[in-house]
Every structure is written in C-alpha cells, then in structure tokens.
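FYI, it's all coordinate maths here, none of it is from the lab. Just so we're clear, the structure is a prediction, and the values are computed from it rather than from any experiment. Here the Cβ is made from the backbone with ideal geometry for all residues, glycine too, and neighbour counts use every protein chain on show.
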Ligand code: GDP
C-alpha cells in the first residue's frame, strides 16, 4: 500500500487525524503533548482511496524548540518509502517557530508534502490558514479531524500522489460557470434579487415591467430604467407577508428596451434575447401568454434557463382575459411536470400585468426559489440522507459486481452541485442518477431548482 506519513509538532491533532482516517479508536488521544509514543500504522480507505497512514512520534518526545538528531532520525526513517508527508498545523493556534522549523526540515526531504490545516472548523482558523500559505507547501487543506470536515479536500489532494498520476485536466475542477466552490461567500438573502423576465414577443413583458416599476419606488431615476441603453434597474418591492421592503434588480430584458427596438426584434428568436438576460439573473421569470398557452418556444426558453443553472419561475400572464382559467392552469401544470424532467414542480403563478393580480405571489416565489438555489446542505445531513436512500434502493450489480456509492458532498451553490464518490460509477444507470436527483430535490428541499450531480470514481 502507498504510505502517507503524518508529521507535526505536538498537539496539532495528529492522533485524532490518524483515528479519523483509520476509522477506529486505536490511538491514544490526549490533550497533553507527548502522549503519542510509538509510530503507528493503520490501513485507510478514504472515499475509495486505499493507503497506509503512519503516525510519527518524531517531534513529540523532545523539547518543543529543539530538534535533536535522534528524533529527526526517527521521523526521517518513517519518511523513507513514504509517498506523501502530511504536515499538520493547528490553524487556530497559528504558526509557531517549531512549525517553521519542521517546514524547513521537510523541504530538505525528498518527499511531496501536503499541508493539513487542522482544527479549521468554524471561522476561528481562517487566520492560521492564511498564515500557512507562507510555508510554501501550496494551498493548505482546511481540515477538522474532530468534526470530520475536509475529507473530500484531503482525498483530492492525496489522490494524485497515491495513484502516482497527475489528475486529468478537468477532474475535480469546479465547473466554470457560476461555481464558486469552497471560497464562495455565504449567500446573503438580503442582497438585491437579480431578476430577469423573459418570454416570447407579446407575452406582456414590457407591460409587466412598467406595472412593477410603476407601483414601486424606483431607486435609480426612471429614465435609467426604461431607456434603451439600460442594463438594469433597481427598485423596492414591499413584501406583503412581512411589510418589509425587499430590493430587486431587474436585469436587462427586451421588455425594458425602447418599444421600437423590441418591435425590430419581433422576427428574431426570443431565445436569443432571453440568453442575454439569463446571464445576469439569479432568478428568471418565464412569462407565458394565457391566450396562447404553453408553446414549444416557451419550453425552449425554460430549458435554456435551467441549462444555464438559473432558478426558474413560470408566470402565465393576461390572466384577466384567460378563457377557462382553471383548466388552462391545470393543463400548463401538467405539461410542465410531464414535459422536461427538470421542469417538474417548477413554481407556476397566474398573473395579470394589467390588473396586478398575482404579482406579489410571483415575487415571493422568486425570493423563495433563490433561497433554495443558494442553499448549502451540511455534509453530515447530506450523507444521512444518502445512506438511507442507497439502503432503501441499492444500486444494481452489473456482471455480479456491485457498484459502491460511498459518499456525497455539495461542492457549490447557485446552482447547487453535488459530487458522489464511489466505485464503478461509470456503470451506474441514468435511472439511478435520476432517483438520487429526485431525492435531493424532494427530500432535501431543492425543489425545481437546477441541481447538478457529478460522479467520481477514484481509479
Ligand atoms: P412584450 O413584447 O412581451 O413586451 O409584450 P407587451 O408588454 O408589449 O404586451 C403585448 C400586448 O399584450 C399589449 O397589447 C399589452 O397591452 C397586452 N398585455 C400585456 N399584459 C397584459 C395583461 O395582463 N392582460 C391583458 N389583457 N393584456 C395584456
């Protein structure tokens, strides 16, 4: 088995890390420095990555600020034949002179070094992690052995060394569009909502926008909004549920440009118009025309919105002149649920740009759907659900060999992305992927927001 050696000054959490990796409480853990005496070995299968981990006694037995040759020799020996050194620091305590001394020494050893910033739960370790960059071992891996955080990051960092190959270019990389990954800021639900209103010509986009802006206080001058050059207009909508004003940024849509310009474009596909607005929006309202129902063109726009990873709402406009409204509504509901798989359950509201009916409901739905689109589920909660979902309906065993689903993590939000680790995942049927996606949507409350799922098989 490939070998990973844990190195670090006393009390940074080496034994806890060892235990966390090996998965058994076999090491003696104590707050007192110097409790770990012997070199210990344990077999690890980290998300399917198999290796042996070695916990060194190297630095423990001596004065923290000296590096006697005997201990150095000990650790040096354990490094022989090691594939990776896992250099552990305490991100809450920050860097100490001994950390720096170990770092210097490690640089002289002929082994790749990964820097593990332990005790990084919460925010208390942020400074320590920043400091750790200065050690020159690349990005520190934030980790919490105690809380079980950072497993996937560690896995990803170890993998190329253990498998003796560089990662494929695109593997484990966050998809470019919208994926902020781990560095993303927590989403602030009071931030202005970027909203686009799209739809076929004549669906009533301009009328709707005028109605919305006319009712509410413009934050920027009115000219800024409705002129041909404008990109967006900020305004406040008073949420009737709370009485609180909420800020909305209406982003560029054909409906916001000068009427003449819109007319020029009537011949063009409204899909092309929608594309532009979608780029800047968090939530997109697809406006249908109640006198025409749901048409193929509408489904194309809806599909585009979801492909771009934006949250979608469907609003049926001109409800004031709709014929047979309840049958119409149910018909559209059914068509959406049974049309594109990803449209199932998408919020649907009936509105009238002329009378103002349904507009509050539409905007409430927009804020709600942004919430789901921005939500992060803890890895613990995610895996509780995952284990139960896999137990309830185990994956098939093509050719008698079982597909193993080990672990799930949410890699980003806006839109939510999930990564599942396991073995033989290339053989997982798409129906099973759909089963998991439906579970994420229904049981973890993501509803109809576009959710991405990636399968990762080590090896
Ligand atoms: P756009 O091309 O999507 O911007 O559509 P417009 O806003 O120009 O509206 C097209 C036509 O539909 C206009 O004649 C509007 O007066 C009409 N219209 C828009 N919304 C409504 C509505 O809620 N009810 C009714 N009855 N007519 C509407």
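Distance in nm between label sites at residue 361 and residue 427, each 7 Å beyond Cα in the beta-carbon direction?
5.0 nm
By its C-alpha gyration tensor, with a ≥ b ≥ c as the square roots of the eigenvalues, how is the range 111-151 shaped: rounded for a/c under 1.5, else prolate for a/b larger than b/c, else oblate?
oblate
What order do you get for 364, 189, 352 when you list them from fewest to most C-beta neighbours inside 10 Å?
189, 364, 352
Would you mind calculating the relative contact order of the range 330-418 from Cα pairs under 8 angstrom and at least 6 residues apart, reporting the percent as a whole number?
Relative contact order comes out at 21 percent.
Calculate, for residue 104 and residue 45, the FRET efficiency according to 1/(1 + (r/R0)^6) with r their C-beta to C-beta distance and R0 25 Å; round to the nearest 0.05.
So the FRET efficiency works out to roughly 0.15.
Please find the FRET efficiency linking residue 123 to residue 434, where r is the Cβ-Cβ separation and R0 is fixed at 56 Å, and quote it to the nearest 0.05.
0.90
Go ahead and collect, in residue order, the members of the range 306-322 whose backbone nitrogen is under 16 Å from a label point 7 Å along the Cα-Cβ direction of residue 241.
Once the point is set 7 Å along Cα→Cβ of residue 241, 313 turn out to lie under 16 Å by backbone N, inside the range 306-322.
Which of rounded, prolate or oblate describes the range 300-405 when judged by the alpha-carbon gyration tensor and an a/c cut-off of 1.5?
Prolate, since a/c reaches 1.5 and a/b exceeds b/c.
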